[in-house]
Amino acid sequence: MPKNSRVSPKSTSQQKKGKKKQKKYNAASGEIREEEEESTVAYEHQGDSHIHIDDILSSKAGNNNSSFVINKDTIKASAKFSKNSAEQHALNRQQLASFYPSFLIDKLKKSRKITSQTFFADGAVMIADISGFVRLCGRLSALGVDGLDELSKYTNSYIGDLVNTVYSYGGDVVSFAGDAIICVFLQTEDEYGETEGACCQRATRCSIELKDYESLDLTAHIAVSYGEICFAMLGGHQKEWIYLINGECVVELGDALNQAKAKESVITNACYLKCVGFDEEFLKATEMPDGSWKVHSTKDVKVDVAVKKQDMNCDKIDLHAFVPPCVNAAVLGGSFSFLSELREVTTMFLLLDSYSPKKNKDLLTLQPFFFGIQEILKQTGGFMRQFLVDDKGCVLIVIWGVPKASHVDNSARALQACLLISNLCQTTDQRCSIGLTTGDAYCGTVGSSIRQDYVAMGDPVNMAARLMCKAKGRIIVDTVTQSMLPKELAASLNPAESMMLKGKTEPIRPYYYAEDYLAPLPNFDAEKTYSIVLDPTITIELTREVDLLADYQRSVEKKEVVLKEGTMPDVRIVHLEGPPGSGKTECANRFVELSKLRELRAIRVKCFKNEQNMGYCMYRKIIVALLGPVNFTTEARQTEAVMTMLHYAFPNLELEEAVKKHFTLLKLALDLKWNF
């Protein structure tokens, strides 16, 4: 087979041991060539909801294939392990601190005790809206686990560069709002002797640098405003807190951002006046019809206030209070590096229609409402991704399906939460509009070691935001979520009007909630839910299993010389079973990582709940992952792949006979649409 043949192992960069001879066939040339292939396969099967499990792995005796069941009985054992070493403890705190903006760390160092509170400061606010992520996510996610790794790499590289640049100009990243980052540049006259308005110059100069960053499909358009900013800490239910900012200057960002096209920077008139107030030649800009300014270039600025977050002393701060539960668990369990993944999630976007920048100038006015939301989400098992003020207004984002907030009935719980929050609005004199969707999204950390956050990004998440904007006081539910609801809840939804959404080529027809009846909430025991803490017991069990595979592989290597040509390699499959949220994904990721360290090739494929009734779904995914998705994109490539598999699996049969006997099964397994 020619070296550039499309049918080849997905990767050979890390394959040194455990290689098998493999025959491959080129349909065009008729040539058969032996290549080396590795044999260890790991896969994850999602959705065995009948097994009630919590946290830990135990292995079952078996033949070549092993079954792991996550067993709740050993959860208590994890608490008996000793504390991390001082070095690990320092690393954990550094990881947790990266989820805090600098202003919050500074405030907590001064007050020590966390209470609901607000404080005000003048400064510039910047939003960098990133375009192209949904397109990039769709393209790379189609490549499976390797594509997900690439997606995480490119996303973090791009957003990490934005974050590091913001801090180099003395800015502070307040939040990662979906596909955007929101930053503040505070006036520091008292400490650094800055001239009034210097923070606007730093922010504007930073925006010019950010708008020119580009990576694959990712670009950004920027908006900057200036004014009084309210900083708030809200919550406190079961010691969980959030922070957010508010102010008329924050709301003004939306209009300015709408004026900015890709790779453009637009500033509000207030920011412009501050920039030119003591240097009329600081920038070159064009006035826009709404009074904002499109910035073309600026002078360089002297930055004496660059924030070095990693140097901040956080030893006396409770760093768990503002960090997402799944991140806290991952840091404590040593699985922080395995957080990024593609997950099926149900996403709720809520717009607080009654919010007013003037009426709610002091965000403490929202504390009773927010505390009530925390109670509802604790009852329904949702993860509060964000509560923020951005270009859309005051928005609440909640997700079901991420680690530590994943359940068999995510969609039902999410709709229950929508109804309960809607009732809460009525009792607290608030009004809201809600969008609810379900689908696969990239879930993981984005940013850099200086500042990062746990996010969910992708088309279903964006659609929830767009349905929210169309809701106009209603609860709008997409068709996927509606199809997953139990009958008593689905019956309360009526078809809504046809809607054309941004990013869609055809109008959609969602549903809206039209009944006052609240179906009973499924039994929910918070003590028996979901955990992704890969404590030492889990790691020990996984390591033991991988070591067994490695020992077996070495024993096969010694016998390789006596194996007959064309002999099938011994593929060992590891089954990870458990209900949503039990930690299967993290275990599978760790298993693959441990295999790589032992120079074994391991692949991981995942069967989602909506795929379980599709025949041969898991086998299809394993085959595609082994040969590479690119080999199944066209009929010609599929033909070449099928020929290779038939020659490899049945070396003693003529091609015509192999096709006659076995192609029908391959056609079913691979869902092929053609015949020989």
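Checked against (1) more than 22 Å from Leu352 (Cα to Cα); (2) in contact with a strand residue (DSSP E or B) (Cβ under 8 Å, 6 or more places away or on another chain); (3) in contact (Cβ under 8 Å) with a residue 60 or more places away in the chain; (4) surrounded by fewer than 22 Cβ atoms within 10 Å (Cβ to Cβ), Glu248 passes all but condition (1). Assess whether Tyr213 counts as being of a type in the set (Phe, Trp, Tyr) and in contact with a Ser or Thr (Cβ under 9 Å, 6 or more places away or on another chain). Considered against the rule, which asks whether it is of a type in the set (Phe, Trp, Tyr) and in contact with a Ser or Thr (Cβ under 9 Å, 6 or more places away or on another chain), Tyr213 comes out as yes. Considering (1) in contact with a Ser or Thr (Cβ under 7 Å, 6 or more places away or on another chain); (2) part of a helix (DSSP H, G or I), say which one Val125 fails and leave the rest. Answer for Val125: the failing condition is (2). With the structure loaded, tell me whether Leu273 is open to solvent by less than 10 Å² (accessible area, probe 1.4 Å), within 23 Å of Val301 (Cα to Cα) and in a helix (DSSP H, G or I) or whether it fails that test. No; evaluated as a whole, the condition is false for this residue.
Identification of helices (runs of 4 or more DSSP H) wholly contained in the range 174-264 with 3 or more residues that are more than 26 Å from Ala464 (Cβ to Cβ) yields 189-192, 198-211. The requirement of being open to solvent by 30 Å² or more (accessible area, probe 1.4 Å), modelled with pLDDT of 90 or more and over 25 Å from the mean Cα position of the chain (by Cα) is not satisfied by Tyr213.
Asp453 passes every criterion in (1) more than 30 Å from Val166 (Cβ to Cβ); (2) open to solvent by 10 Å² or more (accessible area, probe 1.4 Å) apart from (1). Cβ-Cβ contacts under 9 Å between residues 6 or more apart (or on different chains), taken from a first residue in the range 368-392 that is in contact (Cβ under 8 Å) with a residue 40 or more places away in the chain and within 23 Å of Arg343 (Cα to Cα) to a second residue that is among the acidic types (Asp, Glu) and in a helix (DSSP H, G or I), are absent. Among what's in the range 637-654 and is more than 36 Å from the chain's Cα centre (by Cα) and free of Cβ contacts under 8 Å to residues at least 40 places away in the same chain, pick the residue that is most open to solvent (accessible area, probe 1.4 Å). For the range 637-654, the residue satisfying everything is Glu654.
Being touching a Leu at 6+ places or on another chain (Cβ under 6 Å) and farther than 30 Å from Ile317 by Cβ holds for only one residue in Asp217, Asp279, Asp212, Asp290, and it is Asp217.
Among the residues of this structure, Lys472 counts as one that is in contact with a Ser or Thr (Cβ under 7 Å, 6 or more places away or on another chain) and either touching a residue at least 24 places away in the same chain (Cβ under 8 Å) or charged (D, E, K, R) (or both).
One line per residue, one yes/no per condition, for (1) among the charged types (D, E, K, R); (2) under 18 Å from the mean Cα position of the chain (by Cα):
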site	(1), (2)
Asp315	yes, no
Phe338	no, yes
Tyr355	no, no
Glu375	yes, no
Met384	no, yes
Phe387	no, yes
Val398	no, yes
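Give the range 656-670 a look and list any residue that's open to solvent by less than 80 Å² (accessible area, probe 1.4 Å) and touching a residue at least 24 places away in the same chain (Cβ under 8 Å), or say none. Before you say what the answer is, go through the steps one by one.
Taking the range 656-670 first, the residues open to solvent by less than 80 Å² (accessible area, probe 1.4 Å) are 657-659, 662-663, 666-667, 669-670.
Leu666, Ala669, Leu670, listed by residue number.
In summary, strands (runs of 3 or more DSSP E) completely within the range 405-520 and bearing 3 or more residues that are touching a strand residue (DSSP E or B) at 6+ places or on another chain (Cβ under 8 Å) and under 29 Å from Asp129 (Cα atoms) occur at 432-447, 452-457, 475-477.
Looking at the range 337-351, can you tell me whether even one residue there is at pLDDT 90 or above and closer than 24 Å to Val224 by Cα? There is at least one residue in the range 337-351 that is at pLDDT 90 or above and closer than 24 Å to Val224 by Cα. Going by what's in this entry, would Ala203 be described as of a type in the set (A, V, I, L, M, F, W, C) and without any contact (Cβ under 8 Å) to a residue 60 or more places away in the chain? No, not satisfied.
Per-residue answers, yes or no, for (1) buried (at least 19 other Cβ atoms within 10 Å of the Cβ); (2) at pLDDT below 95; (3) at negative phi:
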site: Asp429; (1), (2), (3): no, yes, no
site: Gly435; (1), (2), (3): yes, no, yes
site: Pro460; (1), (2), (3): yes, yes, yes
site: Ala465; (1), (2), (3): yes, yes, yes
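The values are calculated or read from the model by the stated rules, or taken from the named source; none is laboratory data. Since the model is a prediction, treat every value here as computed from it, not as a measurement. Glycine also receives a Cβ, built like all others from the backbone with ideal geometry; neighbour counts cover every protein chain displayed. Heads up: the accessible areas ignore ligands, DNA and RNA and are worked out on the full protein's heavy atoms, side chains in. Shrake-Rupley method; radii C 1.70, N 1.55, O 1.52, S 1.80 Å.
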